[in-house]
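The values are calculated or read from the model by the stated rules, or taken from the named source; none is laboratory data. A quick note: this is a predicted structure, and the numbers were derived from the prediction, not measured. Cβ placement follows ideal geometry from the backbone for every residue including glycine, while neighbour counts extend to all protein chains displayed. Surface areas here come from the heavy atoms of the whole protein model, side chains and all, with no ligands, DNA or RNA. Shrake-Rupley method; radii C 1.70, N 1.55, O 1.52, S 1.80 Å.
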Amino acid sequence: MKKPLLLFCLFAFLFSLNAQVSDYVLWYKQPAANWDEALPVGNGRLGAMVFGHYYRETIQLNEESLWAGYKTESNADAAAYLPDIRKHLLNGEIAGAVELSEKYMRSDPLRIRSYQSFGDINIDFYADRGAVPNIENYRRSLELETGIATVQYRIGETVFTREVFASAPDNLIVIRLHADKPGQLTFRLSYNREQDATAYPSPGMDKALDIQGQIVDLPFQDAGETGLHMKFAGQIRGVNKGGALIALNNSFYVEKADEAIFYFTGATDYNFKELNFDRSIDPAAVCRTILDKANLHNYTLTKERHVQEHSAIFNRMSFALGEATMNLIPTDERMKNVREGKEDLALIALYFQYGRYLLMNSSRSPGILPANLQGIWNKDMNAPWSADFHTNINIQMNYWPAEVCNLSETIIPFSNLINALREPGRITARKTYNSTGWTMNHLTDPFGRTAISDGVGWGTFPIASSWLVLHQWEHYLFTKDKAWLKEEAYPSMKEAAEFILNYLIEDKNGHLVTAPSNSPENRYQLPDKSSFMLTYGATMDIEIIMELFNACLLAGKELDVDATFRKELERALKKLPPIRISKRYNTIQEWIEDYEEVEPGHRHTSHLFGLHPGTTITAADKELFAAARRTIERRRKYNEGEVKIGSYTGWSRAWMINFYARLLDGEEAGSNVQALFAKSTLSNLFDTHPPFQIDGNFGGTAGIAEMLLQSHTNEIHLLPALPASWKNGEIKGLCARGGYTVDMKWENGELLQACVTSANGGKYTVRYKGKVKTFPGKDKTIINAQLSALK
């Protein structure tokens, strides 16, 4: 049989994609029974969860900066005690090190407070459920391409339609209710919040509600001072067509209208530049300004502006996989089928695009903060893990799909927070770790927390800053934006590296190691059966340091700066301990000593950072590559076997997809995609830890991309981990390091067409099924070549 022609070009090769608008829709035949079934909309700053009920609609609201707590300098003044703590660790006197650490390294306050819900908009259509007439042709949906959540149903001869979207251009949330027969809309729309807020008709303004609130922080163990903290405000303005609309109490009353449209925006007195609330900011005035600028009497224009902006970002990528007819089945039924063991390849494409949808709507302008543990969507006043910015994998995983999935601008809020943390991070470096440079530990919040949190064992993670700045470096690798490297990335990278250089200490073998630290959230066991988290020279630390130092060397050379500093890095790199293979289990060793594992199936597989997202473990080192596979197999044995000592979370399953993709094992990567859906995905496709935690969505999306394209080894590797069941497919718009965009189409598991578009020119190398060819790329020109070497 004749092999398919492989075509590569460097510009403007168009595929007739099978993916249609309808491919990217979540839809259901019934309202959401609870928050975990509701559908999200967002614009980077404001978010909403739409339930879609015909009796009493609920639209739960969020504003990204609405947090309990306040800015405080809570670092432990531990620098003077650090030498003794290190001495105990390096001498194997772990209990003594832990005792000293608990005494001197605990920050005050030890905990942060939570990201909070802005409240709910409730729309009451009937006085009681018994009054609800027969509902027909009900459909609830979320169209990813437009970002519009829609509810539609028929009562008698009237079709009722609701649309909800969060507009980035106008910085507001829009709720439209429409009936196709005149005078059919009668309802009450009210604002409610369980605490700390009230709503009332806007003084001097017709058809508007004002919302005023201030967070009252009550006593909470180890969470700092109580008191009146962040202020917030909102405004809802209503526009009706036909009938009447009046504002009364905390509500609007609409009677016999043909259509009613409500525009909501919210704000706080948070000041990002200060990493604190700022009493000079009037959030109510901010809301009025936003709504005054919007054209509230032209819904069509507002919707068009939103759809144009939203779809321009979303449509950078298309992905078709499996049978499009599967999209005719409601999403919850498809999820039920997958949980029962059935395969739904088209659901993979939908899930992939949903991950992109969630990231672009929780991390971009007009927002200023990065996506937290729940992105931007949270119903609680005290959210699980405070819905914080967890920095020992979770926020990093949030941004794994940002570059490869053509959402490069979503990294900007993350990078801005990283750079803002440098100032408080210098205090942490000096007071707690007796070092220069900047650092932080395992979590932060909008108030710039860099101190140890939650506990010394859990919270001592001074490698976090080094991991975070690698995302700034990745942005440069994908974009080749030299101004970005010079102004945004390299300064924070260098300062993080300066901290590490000063923090490293020589161990008994002459290696430079971190001390103290931990391998995130995991414990090891000593021969006397005692177990600890606190350690020195954890494998993850060493792998991150290798990545950071090498990145700084390349960046310094690219910018032609800091020759002396680069020599320091080179010397330190030579003295780092090697990545070791355990003699106990022939796996990658997690700690510097070959300790026994307390929880061999632990959710964190931190010692494989070098495999993913790092680059120190690749197929070029066959021994480490094979040991990495055995490490995963051992983790899975104690998660999926008869003896379970550990637990999967949604995000840890997503990490497994990325691991297997890097191992070039499409079958195992694919089976973990199916397991992620079957065991860790809710009916609205949210990831569940449990409970809901958004990092698994982003990690899963990134893993699917990693199966189809890799570029971390200075090659563009096409279809590196394609499962046999993903027989036919087409994807457009994936990004590779170096400034390349890649489109691919495959049939019967074989690459049929590919297009590589270069933004920067220069040579590039393509790999497919072990065959390699280098192209002499030209800057923004068209090159066509038949790659017979890759057939």
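Please state which one of Asp217, Asp282, Asp278 is acidic (Asp, Glu) and crowded, with 17+ Cβ neighbours inside 10 Å.
Asp217
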- request: Only one of these is open to solvent by less than 70 Å² (accessible area, probe 1.4 Å), touching a His at 6+ places or on another chain (Cβ under 9 Å) and either farther than 15 Å from Asn43 by Cα or of a type in the set (Ser, Thr, Tyr) (or both): Leu373, Leu345. Name it.
  value: Leu373
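Out of the residues in segment 743-762 meeting the condition of being under 22 Å from Ala724 (Cα atoms) and in a loop (DSSP other than H, G, I, E, B), tell me which one is least open to solvent (accessible area, probe 1.4 Å).
Applying the first criterion (under 22 Å from Ala724 (Cα atoms)) to segment 743-762 yields 743-754.
Retained after the next criterion (residues that are in a loop (DSSP other than H, G, I, E, B)): 748-749.
On the way: Asn748: 106, Gly749: 24 Å².
In this case the residue turns out to be Gly749.
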query: Within segment 288-304, how many residues are open to solvent by 100 Å² or more (accessible area, probe 1.4 Å) and either farther than 23 Å from Thr268 by Cβ or outside any helix (DSSP H, G or I) (or both)?
result: 2
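Per-residue answers, yes or no, for (1) open to solvent by less than 10 Å² (accessible area, probe 1.4 Å); (2) touching a Gly at 6+ places or on another chain (Cβ under 7 Å):
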position	(1), (2)
Glu487	no, no
Ser492	yes, no
Leu501	no, no
Asp507	no, yes
Val513	yes, yes
Ser519	yes, no
Tyr524	yes, no
Ser531	no, no
Gly537	yes, no
message: Would you confirm whether or not segment 428-443 contains a residue that is farther than 19 Å from Ala538 by Cα, buried (at least 24 other Cβ atoms within 10 Å of the Cβ) and within 23 Å of the chain's Cα centre (by Cα)?
response: no
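Just wondering, is there one or more residues in segment 130-143 that are buried (at least 24 other Cβ atoms within 10 Å of the Cβ), hydrophobic (A, V, I, L, M, F, W, C) and out of contact with any Ser or Thr (no Cβ under 9 Å at 6 or more places or on another chain)?
For segment 130-143, residues buried (at least 24 other Cβ atoms within 10 Å of the Cβ), hydrophobic (A, V, I, L, M, F, W, C) and out of contact with any Ser or Thr (no Cβ under 9 Å at 6 or more places or on another chain): absent.
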field: When residues of segment 165-184 are limited to those that are under 26 Å from Ala38 (Cα atoms) and open to solvent by 10 Å² or more (accessible area, probe 1.4 Å), the one nearest to the chain's Cα centre (by Cα)
entry: Ala168
- request: Take segment 456-503 and flag every residue that is among the small types (Gly, Ala, Ser) and touching a strand residue (DSSP E or B) at 6+ places or on another chain (Cβ under 9 Å).
  value: Gly457, Gly459, Ala464
Hey, Glu73 open to solvent by 50 Å² or more (accessible area, probe 1.4 Å) and either touching a helix residue (DSSP H, G or I) at 6+ places or on another chain (Cβ under 6 Å) or among the polar types (S, T, N, Q) (or both) or not: no
- prompt: Give me the pairs: first residue in segment 298-309 and over 11 Å from Pro169 (Cβ atoms), second residue assigned to a helix (DSSP H, G or I), beta-carbon distance under 9 Å, and six or more apart or on different chains, which are they?
  reply: none
message: Out of everything in segment 36-70 that is of a type in the set (Phe, Trp, Tyr) and more than 29 Å from Asn315 (Cβ to Cβ), what residue ends up being most open to solvent (accessible area, probe 1.4 Å)?
response: Tyr54
Residue in segment 599-615 that is assigned to a loop (DSSP other than H, G, I, E, B), farther than 28 Å from Gly700 by Cα, at pLDDT 95 or above and open to solvent by 20 Å² or more (accessible area, probe 1.4 Å) present: no
message: Can you go through Leu100, Leu110 and tell me which one is out of contact with any Pro (no Cβ under 8 Å at 6 or more places or on another chain) and not in a loop (DSSP other than H, G, I, E, B)?
response: Leu100
- prompt: From the set of residues in segment 562-598 that are more than 27 Å from Ala497 (Cα to Cα) and of a type in the set (Phe, Trp, Tyr), which is least open to solvent (accessible area, probe 1.4 Å)?
  reply: Tyr595
Counted residues, segment 326-349 - those being in a helix (DSSP H, G or I) and either on the phi > 0 side of the Ramachandran plot or not basic (Lys, Arg) (or both): 14
query: Within segment 712-742, which residues are touching a residue at least 60 places away in the same chain (Cβ under 8 Å), out of contact with any helix residue (DSSP H, G or I) (no Cβ under 9 Å at 6 or more places or on another chain) and open to solvent by less than 10 Å² (accessible area, probe 1.4 Å)?
result: Glu730, Gly733
query: For the subset of segment 674-706 comprising residues that are part of a loop (DSSP other than H, G, I, E, B), surrounded by 23 or more Cβ atoms within 10 Å (Cβ to Cβ) and of a type outside the set (S, T, N, Q), which member is farthest from the chain's Cα centre (by Cα)?
result: Leu685
message: I need the full set of residues from segment 657-673 which are surrounded by fewer than 24 Cβ atoms within 10 Å (Cβ to Cβ) and small (Gly, Ala, Ser), in order please.
response: Gly666, Ser671
- prompt: If you check Ser386, Ser362, which single one turns out to be outside any helix (DSSP H, G or I), surrounded by 19 or more Cβ atoms within 10 Å (Cβ to Cβ) and hydroxyl-bearing (Ser, Thr, Tyr)?
  reply: Ser362
query: Has segment 89-102 got any residue that is charged (D, E, K, R), in contact (Cβ under 8 Å) with a residue 12 or more places away in the chain, open to solvent by 40 Å² or more (accessible area, probe 1.4 Å) and within 25 Å of Glu333 (Cα to Cα)?
result: no
- line: The correct count of residues that are assigned to a helix (DSSP H, G or I) and crowded, with 18+ Cβ neighbours inside 10 Å in segment 308-325 is 3
- prompt: Within segment 362-405, which residues are under 8 Å from the mean Cα position of the chain (by Cα) and among the hydrophobic types (A, V, I, L, M, F, W, C)?
  reply: Ala371, Leu373, Ile395, Met397, Trp400
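Here is a yes/no grid of residues against (1) touching a His at 6+ places or on another chain (Cβ under 9 Å); (2) at pLDDT 95 or above; (3) β-branched (Val, Ile, Thr):
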residue	(1), (2), (3)
Asn43	yes, yes, no
Arg56	no, yes, no
Tyr70	yes, yes, no
Ser74	no, no, no
Asp77	no, yes, no
Asn91	no, yes, no
Ile94	yes, yes, yes
Leu100	yes, yes, no
Ile123	yes, yes, yes
- request: Check Asn249, Asn240 and return the single one that is in contact (Cβ under 8 Å) with a residue 12 or more places away in the chain, open to solvent by 50 Å² or more (accessible area, probe 1.4 Å) and out of contact with any Leu (no Cβ under 6 Å at 6 or more places or on another chain).
  value: Asn249
Total residues in segment 12-35, condition open to solvent by 60 Å² or more (accessible area, probe 1.4 Å) and at pLDDT 95 or above: 4
Matching residues, segment 238-262, being more than 22 Å from Asn192 (Cα to Cα), assigned to a strand (DSSP E or B) and either at pLDDT below 95 or acidic (Asp, Glu) (or both): Glu259
